[in-house]
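Have a look at the structure below, then the notes.
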Amino acid sequence: MRVVLAEDGELIRAGVLTLLSGFSDVEVVGVATDLPGLLRAVEEHDPDVVLTDVRMPPDHGDEGIRAARELRRTRPGLGVLVLTQYADAQYALDLIAEGSQGRGYLLKERVGRARQLVDSLRAVARGGSVVDETVVEMLVEAGRRRPDSPLARLTPRELEVLGLVATGYTNQAIAEQLVVTDRAVEKHVSSVLNKLELPQDSQTHRRVAAAIVYLSEIGETAPPGRPR
Amino acid sequence: MSLLDPVRRRAGVRPPLPAVASPEAEARARQYWWVNAFALTSATVALAVAYLAGARFVTIAQDLLVMSLALLVLLGSAPWVQRHGGRAAGASVLASTLLFSLGAVWVTPFLAPLAVLALLVPLMVTMPLLDRRLLVVTTAVVLAGVAVVSGLGEWRRAASPVPSSVGPVVSLVVFTPMVVGVIAWVVLDTYRRLEAQSAELRASREQVVRAADAARRTLERDLHDGAQQRLVGLSLRLGGMRTLVEAGDCDAVLRSLDEAVEENIAAVRELRELARGIYPAVLTERGLVPALRAAALQVPVPCGVDGGDVPRYPENVEAAVYFCVLEALQNATKHARATEVRIEVWDEAGPAFRVRDDGVGFHVDEATRSGGGLAGMEARIVAIGGRWGVASAPGEGTSIGGVVPSEPR
């Protein structure tokens, strides 16, 4: 797997490089420290996946998200995993707004768990989607607080499954995580999607997009008119 | 109170916020009308007395006629002023002053400078009540009046040189105190108002400084008890690992490493929450509504955000509204024990917002007097030229709203 890394912080850049060097199937082919540099490196090296910071020069704003949007147009097949300090659902939603295929949103502290970082890179490079569990947890929690929350219709197990689906787990990965059979997971997933009236989609990345958008919408829209 | 009206979302009608023009400016314009009525009446009576007492000059008779007409216009519009308030008061006084200026200058041309002064006053007093269009119209009327009165004075002085006579002098003696009296009232009133405003500003500046200090203390405490503790713990653990490596206990080292990573993740998480509390990046990057949506996710009770197409405003405006809403959310969940909160944001020539909860409510007067959160919110919004209001009563829930006039970025 050929990776282009974009990160302006020297310490983190060096750390990530060291970390990735421990995996024989991961090769960092280009390193950039700002948005134009990232786009150039992608042109030059034609990687399988981009690992990028959100906030970089020139504007120290949301360059990583902008890069992902730009690359969606120029290189639809390229995976982009965004590493961020911000646990804001808004950025994740922006990232998947024009399609969730091959897009990932991971909090920076996950670099501490090398395996998780590399697994996410692989998933995104394959066209899957990853959304950080903290973001998903936040959305699920907010959604559950609604008095007539549709999430109340889910069993605790199904809620857990929903979280994993939104995070980007495949059915197989969910089965491993929960130590149940693939068939059991399929049943859970289809029951969750049914109860929430979400489309039954076997494509993991589309499931992620549907779940995240759904969760962010129910979380922020309390039923009208209750408080006077 | 209006803030408690149910939201008529479907019709797109927003409940009224505190009235657009300040009640002070409104009251001032009405007072000004009364001051004018009093001055004009006394001057007319004084001139009439002088005439009856034997100063039977033609110019005095003509001036009397002019003043009576002006008085008639002023008093005649009294019911209309009663009904329509400050702007009507301004229009009524302006019409009467125009009539008086033109007539009096026709009769006694050397009153022109006094008449010009008198014409400028209605504009000064009603200015805060006028929107842009009305301001342009009123200014145009006043300027035209000033030009005509000056020209008329010059022309009349040249056309019919007034022989030195007692009549015009009597008029002058009567008119001067009238005009000077009105102007003196306006100046004194403005002075008093500015005094009051500067006292308010001093108080709100102190409030801002106090709030900033309190925020620093909280920040220090949070850092000390949170991330700092974890990082110290991490150092200890790393030290311990050294011992484990020396002892050759590989399993224990691996366990310890995993724990160190988790510890570190927790420290990063705490720092992130702190950084967000200081100034959320999503506010800078995405604006008010996305930032409030993100904040709503953290509220421990259901919290909906209604925010349609709200444009981006200058940074200080967005920050003031954001932190004011945050403070209102804190009040709702910490003190009011609300079970549900609703945030509304819309554009009303600047960001307008409202936070409603179904909590225990409070007596607004008592809470405002005791300062604290409410005063802080008000200071924040007022400091950037906005208006802020709160409506609450025990058992009724609370509604906090405001609007900050501002051009989009």
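Take every residue in peptide A:82-94, count the Cβ atoms of other chains within 10 Å of its Cβ, and give the average of those counts.
Average per residue, whole number: 5.
Lysines near A:Lys187 by alpha-carbon distance under 20 Å, same-chain residues fewer than 8 away left out - which ones?
A:Lys195
In units of 2.2 N^0.38 Å, what is the alpha-carbon radius of gyration of the protein assembly as shown?
1.39
Using the Cα gyration tensor of the stretch A:2-131, with a ≥ b ≥ c the square roots of its eigenvalues, what is the shape: rounded (a/c below 1.5), prolate (a/b larger than b/c) or oblate (neither)?
Rounded, because the longest to shortest axis ratio a/c is under 1.5.
For peptide A:109-116, what's the mean number of Cβ atoms from other chains within 10 Å of each residue's Cβ?
Across the residues of A:109-116, the mean count of other-chain Cβ atoms within 10 Å is 4.
Please compute how much accessible surface disappears when A pairs with B, both sides summed, using a 1.4 Å probe, and round it to the nearest 100 Å².
The A and B chains share an interface burying roughly 3000 Å².
Which value, in Å³ per residue, describes the convex hull spanned by the Cα atoms of chain B?
188 Å³
With a ≥ b ≥ c taken as the square roots of the eigenvalues of the C-alpha gyration tensor of the stretch A:130-198, please select rounded if a/c is under 1.5 and otherwise prolate if a/b is larger than b/c or oblate if it is not?
Cα axes put the stretch A:130-198 in the oblate bin.
Output the direction-averaged projected area (hull surface divided by four) of the convex hull of the alpha-carbon atoms of the stretch B:323-407, in nm².
With the hull built on Cα positions only, its mean projection is 5.0 nm².
In what sequence, highest mean first, do B:324-335, B:132-143 appear when ranked by Cβ atoms within 10 angstrom?
Those peptides, ordered most packed to least, come out B:324-335, B:132-143.
Taking only the C-alpha atoms, wrap a convex hull around the stretch B:276-337 and report its volume per residue in Å³ as a whole number.
Spelled out: Cα convex hull of the stretch B:276-337, divided by residues, is 78 Å³.
Could you compute how fast chain A diffuses translationally, taking Rh as the Kirkwood radius over C-alpha pairs and applying Stokes-Einstein at 25 °C with viscosity 0.890 mPa s? Give it in µm² per second.
Translational diffusion coefficient: 136 µm²/s.
Could you calculate the FRET efficiency of A:Asn194 with B:Glu366 from 1/(1 + (r/R0)^6), where r is the beta carbon distance between them and R0 is 51 Å, rounded to 0.05?
0.45
What fraction of the DSSP beta bridges in the protein assembly as shown is antiparallel, stated in percent and rounded to the nearest 5?
45 percent
Taking 50 Å² as the minimum loss, tell me which residues in the stretch A:134-157 lose that much accessible area going from the chain by itself to the full protein complex (1.4 Å probe).
Residues shielded by partner chains are A:Met138, A:Arg145.
What is the Å³ per residue value for the convex hull set by the Cα atoms of the stretch B:226-278?
It comes to 45 Å³ per residue, whole-number rounded.
At 1.4 Å probe size, with every protein chain present, just tell me what the per residue accessible area of the stretch B:287-403 comes to in Å².
So the stretch B:287-403 comes to 34 Å² accessible per residue, rounded to a whole number.
When a/c reaches 1.5 or more, the comparison of a/b and b/c decides; with that in mind, is the stretch B:173-312 rounded, prolate or oblate per its Cα gyration tensor?
prolate
Roughly how many percent of the accessible protein surface of chain B is carbon and sulfur, given a 1.4 Å probe and a whole-percent answer?
Result for chain B: 64 percent of the exposed heavy-atom area is carbon or sulfur.
Which net charge results for the neighbourhood of B:Asn264, defined as the other residues with beta-carbon distances under 13 angstrom from its beta-carbon, given Lys and Arg at +1 and Asp and Glu at -1?
The answer is +1.
At what distance in angstrom do the alpha carbon centres of the stretch A:10-51 and the stretch B:232-306 lie from each other?
Each part reduced to its Cα centre gives a spacing of 25 Å.
The values are calculated or read from the model by the stated rules, or taken from the named source; none is laboratory data. All values reported here derive from a predicted model rather than from experimental measurement. All Cβ positions, even for glycine, are placed from backbone atoms using ideal geometry, and neighbour counts span all protein chains on display. The protein model used for the area step is the full one, side chains on, heavy atoms only, and it has no ligands, DNA or RNA in it. Shrake-Rupley method; radii C 1.70, N 1.55, O 1.52, S 1.80 Å.
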